[in-house]
Structures are given as C-alpha cells and as structure tokens.
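Each reported figure results from applying straightforward, stated rules to the coordinates on display, with no laboratory input. Keep in mind that what you see is a predicted model, and the values were worked out from it rather than measured. When we count neighbours, we look across all protein chains shown, and the Cβ atoms used for this are built from the backbone with ideal geometry, even at glycine.
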Amino acid sequence: MEKVRFGIIGSGGIARGAHIPQLLSHGKAEIAWCADVSEATAKDAAARAGTADCGTDYVALLRERPVDAVTIGTPHNAHHAAVMAALEAGVHVCCEKPLAMNVAEAQEMAELARAKGVITFVPFSYWFVPAARLLKELIDQGHLGEILHVTGYYSQGNALTPNATMTWRFQKEIAGSGALGDLGSHLISLTYLWAGPVKRLTAQMKTFVHERKLPGSDEMGAVDVDDDVQLIGELASGGLINLSASRTYAGRNNYQRVEVSGREGGVVYDNSHPDELQVSLGRAWHERNAWATLPVGRQHRLTQLHTFVDAILEGKDPADVRPNFEVGLEVQKVMEAAQRSAESGAWVDV
Ligand SMILES: NC(=O)c1ccc[n+]([C@@H]2O[C@H](COP(=O)([O-])OP(=O)(O)OC[C@H]3O[C@@H](n4cnc5c(N)ncnc54)[C@H](O)[C@@H]3O)[C@@H](O)[C@H]2O)c1
C-alpha cells in the first residue's frame, strides 16, 4: 500500500482540530471523504482535507467510495453504530474516546474487530505526551519498582461558567456521562498505561451546575451528567489509585497532574510541562526526599495518528498497536464500575 486512504466519520471539532491535520501531516495518508450528519460541517471538513467528496450517510460512503481506514469523531452515542459499520466494511478503525456508551457496546466492538483482524485505535491523546511516554519507559525499565500509588487529577473549568450553553456533553443520552467519560477516561487510560488494570473501586459523582441555557434560546435545560468524579481503588497488581476528574475547577483550562510512586522511586507527570518529569528515583534520592527534573528525549515525540497510519502501512499485528479497542474496553469497564459505585455507594469489582 503506497498511501492509506481515509474516510472521516463525524467532522466536528476533533476531526478538524486533530484527525484531519494529523493525517495530512503524515505524507502517506490521504483523505477520500468526510461524513457528518450536518452537510455543511462535512463540506467544510472536506475542503480542509483537500477533497470534494463528502456526505451525510457514512454507510453509503463506505459502500460506494471504498477506503482503507476511518477515523470516528462523533458524539459518544454514535460511536457504536459507526464502528460496527466500518468493521463490517473491513476497514481499520480509529474511534474517539470513550470507546462506547457502556461495556456491552465496547465488548461487541472489540469482538468484531478481533474477528475482522483489522487494526484499531482509540486516541487517548495523553499517551502521546512526551513526558507520559518517558514515564512508561522508566516504569518498564524497573526504575520505580513495584507501583504502590497512582494519584492524580484532571481539571478543567469550562462547566463552571454560568452562561456555558447546553451541548451534547451535558446530556446523558448522548454522552453517557460527563466528566467521567470526557476527562476521567483519559486519566483511567493513563493509569492503565503506567500501572495496568484496576481490580476494584469506589466512586462519587457530583453535578454542581444543574441547568444550562439551551442553544439559541433563553430557556434552560437540565444537566443530567456529572461535573465531577472522584474514585479510589486498587490495581490488579495490588497498588492503590486515587483519581479525580472535573469540569468545574476555577482557573483551570486543561490541567493534569499525576504522581506515580513505587518502592524504588516516584515520578510526577504534569501536562503543563509536557517535555519533562519530576523524578525521585533510586534510594540515594528518595531517602533524601530529593527531586530533579528529567527532560524527555527525541524518541519520545510522536504524533498520535501517525502511529495508526504507520501500523497500517507496516501491517502490524493489531494486538501490538496501542491504545487499541482492547484498551478502550478496559477503560470502559472502570468507567462503568465507577458509575455503578456512585449510584450504590458501595465498593464494586471492575
Ligand atoms: N482525544 C481527545 O483528546 C479528544 C478531545 C476532544 C474530543 N474528543 C472526542 O471526540 C468525539 C467528538 O467530539 P468533538 O469535540 O469533535 O464534538 P463535536 O460536537 O465538535 O463534533 C461531533 C460531530 O459529529 C457529528 N455527528 C453527530 N452524530 C453523527 C452521526 N451519527 N454520524 C456522523 N456525524 C455525526 C456532529 O454533527 C458533529 O459535527 C467525542 O468522542 C469526544 O469525546 C476527544
């Protein structure tokens, strides 16, 4: 294959801001068509993608204008149908996070992908922050030893603004959850990258802003998702986690800070410093409570969708291309457990 031909399904914010520019910057990817339920949005994205081909019916486009792969950037309740249609067409699939509305959907998607043998990808973007990749390398090389703690938060303040309009992100029927799926899924995916699966947890979810202005109207609509989620739990490996994700933190635009601490050393990842980690590694350092800044190397810089394109061009084993649907499914299991726990108030197994 000389070039990978892509279809874009869902041509809104993430398609315009990430999928299209990342694919176009690869050099061996081209975009054949853009689809969106809004014809104007599909047309606008197609112009940006350098093609005239666009439409509102991705099933017809998949049938009539064959491609090698798709990216899916629709709201969450449309992921499952789009993924299943793309898999039935036998193409490689990149679907935005969170993979699905629930574990049952994610399981169906992962199963069909396995049966079709195609490459899958879920853009947990923060896996590609250079500092996050360096931390993964340090853990794999044994510098932290057995991981005892993953403690972190991901905070934004966009939901705090009183006049922020009601969008699909505040509606359970479309988004599935609020801060949990929007931000928590990223934090859970990073925990999985660094420390593996979660075994059991307890969580609480809270809504602070209960009504929002409906678009184009002075009327208010009810918010039925969480603005904030906090979970504590235990890893399958025995370590403990303490994670918090929120859209109601004053003064925060998109802030993540996670401390991963093991028997041999500790590391702080902070996404406002994507090219370095704070580290206290080895007994000589951690026994003196000494910390230093460790810069990332050139090898830690990657554009996330280039990973997907390269994997297709190189014919990689789908199991070796991560984060794939299997990772998306693991994250979904933790999300669903958090929702169950928040409803019941009990500890739950993942
Ligand atoms: N990886 C990240 O860091 C990141 C960042 C932002 C958003 N996202 C994810 O990207 C996805 C989309 O978010 P967004 O911010 O682009 O939303 P958006 O509302 O800007 O865009 C979604 C687009 O999908 C279209 N759409 C809706 N239903 C459709 C359907 N059935 N078929 C085709 N098109 C349909 C809408 O018309 C809209 O243009 C979500 O899963 C979101 O969580 C991921």
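Take every DSSP beta bridge whose two residues both sit in the chain, then give the antiparallel share in percent to the nearest 5. Walk me through the intermediate numbers first.
Numbers: 41 of 66 bridges.
Antiparallel bridges make up about 60 percent of those DSSP assigns within the chain.
Please give the length that would be gained between residue 204 and residue 320 if that part of the chain were fully extended, namely 0.36 nm times their separation in residues minus their C-alpha to C-alpha distance (nm, one decimal). Please list the in-between numbers first.
Values: separation 116, 0.36 × 116 = 41.76 nm, distance 3.43 nm.
Gain on stretching residue 204 to residue 320: 38.3 nm.
Between residue 349 and residue 52, take the C-beta separation as r, use R0 = 41 Å, and let me know the FRET efficiency to the nearest 0.05. Walk me through the numbers before you get to the answer.
Working: r = 52 Å, r/R0 = 1.26.
About 0.20, to the nearest 0.05.
With a 10 Å radius around each residue's Cβ, average the other Cβ atoms per peptide and rank 42-50, 129-137, highest first.
On the way: 42-50: 19.2, 129-137: 20.8.
In descending order of packing, they fall as 129-137, 42-50.
In nm, give the distance between the simple-model label positions of residue 28 and residue 173, each being 7 Å from the Cα along the Cα-to-Cβ direction.
Going from the residue 28 label point to the residue 173 one covers 4.5 nm.
Tell me the relative contact order for segment 202-350 as a rounded percent, counting alpha carbon contacts under 8 Å between residues six or more apart. It would help to have the intermediate numbers written out before the result.
Working: 178 pairs, mean separation 28.4, N = 149.
Relative contact order comes out at 19 percent.
Note the angle between two axes, namely the Cα long axis of helix 325-344 and the longest principal axis of the Cα atoms of the chain, as a number of degrees from 0 to 90, rounded to the nearest 10.
Tilt of helix 325-344: around 70 degrees.
If I fit a long axis through the Cα atoms of helix 103-116 and take the longest principal axis of the Cα atoms of the chain, what angle between them do I get, 0 to 90°, rounded to 10?
70 degrees
What order do you get for 175-185, 14-24, 249-259 when each peptide is scored by the mean count of other beta carbon atoms within 10 Å, highest first? Don't skip to the answer; put the middle values down first.
On the way: 175-185: 25.8, 14-24: 20.1, 249-259: 15.1.
So the peptides 175-185, 14-24, 249-259, ranked by packing, come out 175-185, 14-24, 249-259.
Any idea what angle helix 79-88 forms with the longest principal axis of the chain, computed on alpha-carbon atoms, 0 to 90 degrees, nearest 10?
Roughly 60 degrees between the two axes.
For the pair residue 272 and residue 224, what calculated FRET efficiency results from E = 1/(1 + (r/R0)^6), where r is the Cβ-Cβ distance and R0 = 41 Å, to the nearest 0.05? Show your work: numbers first, answer last.
Working: r = 32 Å, r/R0 = 0.77.
Given R0 = 41 Å and the Cβ-Cβ separation, E is 0.80.
State whether the chain is rounded, prolate or oblate according to the following rule on the C-alpha gyration tensor (a ≥ b ≥ c being the square roots of its eigenvalues): a/c under 1.5 gives rounded; otherwise a/b larger than b/c gives prolate, and the remaining case gives oblate.
Working: a/c = 1.72, a/b = 1.26, b/c = 1.36.
Taking the square roots of the gyration eigenvalues as a ≥ b ≥ c, the chain is oblate.
Given Cα pairs under 8 Å that are at least 6 residues apart, what percent is the relative contact order of the chain?
Numbers: 798 pairs, mean separation 70.7, N = 350.
Relative contact order comes out at 20 percent.
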